[in-house]
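The next block holds one structure in the form of structure tokens; read it before the comments.
The values are calculated or read from the model by the stated rules, or taken from the named source; none is laboratory data. Small disclaimer: the values here were computed from a predicted structure and weren't measured. When we count neighbours, we look across all protein chains shown, and the Cβ atoms used for this are built from the backbone with ideal geometry, even at glycine.
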Amino acid sequence: MKLLIALTLIAAMGLISCGGNKAFTRGSYDDNVDSTNLLNDRWSESDMQNAVKDLVKSASSHYAIRTAKKPPVVMVTGIQNKTEEHIDTQNISDMLRVELMRSASLQFVDKAARDSIADEYKYQNSGMVKGSTKKGPGGQIGADYILNGRLDSIVQQAGRDKTVYYKVTLNLTNLKTSLIVWSDYKQIRKKYHKSRFGL
């Protein structure tokens, strides 16, 4: 009897293993990328979309941006991830930049491209490029503001209930005066309940 039970368990494990390899073989496009995604208790694209939407609205309506005589030039220095999750905060920075360019007509310095730009200056001044098309040091536009921030989280669990709280904070700092001219945050709290059998 014990042998029969053991063989049955082994067979079941084999089926589960084989089935596991084929569990996600059929897919389809979800045309509504803005729909809520709460498949698990981790940071999701829905969290990012909600945070960016509200923070961009807040920043765009601030007087320093709204009353500017010309589009302010901003440099994004990054968003710190202070959560225990592995979260690509560059993704958040990219979405913020795109949405701020769309809604507030901000201009952005490409900090990540500086090394490539310097290399291209060297090449263009090496004699290989036509003189009338050469670019060189001294023509870049300096940033007016620095945009940075941090992502924090608090996780609480009691029995089968769990809440995950996120807070995205952004700061817009005047590069000349070092004064923070705008700061705001977006809070997100998600609730989860684990079934009795963990399903």
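Going residue by residue through the range 152-161, is there one that turns out to be in contact with a Lys or Arg (Cβ under 6 Å, 6 or more places away or on another chain), surrounded by 11 or more Cβ atoms within 10 Å (Cβ to Cβ) and not in a loop (DSSP other than H, G, I, E, B)?
As a first pass, look at the range 152-161 and keep what is in contact with a Lys or Arg (Cβ under 6 Å, 6 or more places away or on another chain): 152, 160.
Still in the running and surrounded by 11 or more Cβ atoms within 10 Å (Cβ to Cβ): 152, 160.
Subsequent filtering for residues that are not in a loop (DSSP other than H, G, I, E, B) retains 152.
Yes: the range 152-161 contains one or more residues that are in contact with a Lys or Arg (Cβ under 6 Å, 6 or more places away or on another chain), surrounded by 11 or more Cβ atoms within 10 Å (Cβ to Cβ) and not in a loop (DSSP other than H, G, I, E, B).
Can you find a residue in the range 31-46 that is within 20 Å of Lys186 (Cα to Cα), under 16 Å from the mean Cα position of the chain (by Cα), surrounded by 12 or more Cβ atoms within 10 Å (Cβ to Cβ) and in contact (Cβ under 8 Å) with a residue 40 or more places away in the chain?
yes
Can you tell me which residues in the range 165-184 are aromatic (Phe, Trp, Tyr), crowded, with 17+ Cβ neighbours inside 10 Å and under 23 Å from Glu45 (Cα atoms)? Explain how you work it out, then say what you get.
If we filter the range 165-184 for residues that are aromatic (Phe, Trp, Tyr), which is where we start, we get 165-166, 182.
Among the residues that remain, those that are also crowded, with 17+ Cβ neighbours inside 10 Å are: 166, 182.
Listed by number, the list holds a single entry, Tyr166.
Could you list, in sequence order, the residues of the range 64-84 that are within 26 Å of Gly139 (Cβ to Cβ) and either in a strand (DSSP E or B) or not aliphatic (A, V, I, L, M) (or both)?
Passing the criteria: Lys69, Lys70, Pro71, Pro72, Val73, Val74, Met75, Val76, Thr77, Gly78.
Of Ile87, Ile92, which residue is surrounded by 16 or more Cβ atoms within 10 Å (Cβ to Cβ), in a loop (DSSP other than H, G, I, E, B) and at pLDDT 95 or above? Can you show your working first?
Working: Ile92 fails: in a loop (DSSP other than H, G, I, E, B).
One residue alone meets the criteria, Ile87.
Taking Asp115 and the conditions (1) part of a helix (DSSP H, G or I); (2) within 17 Å of Val56 (Cβ to Cβ); (3) of a type outside the set (S, T, N, Q), which numbered condition does it fall short on, given that it satisfies the others?
(2)
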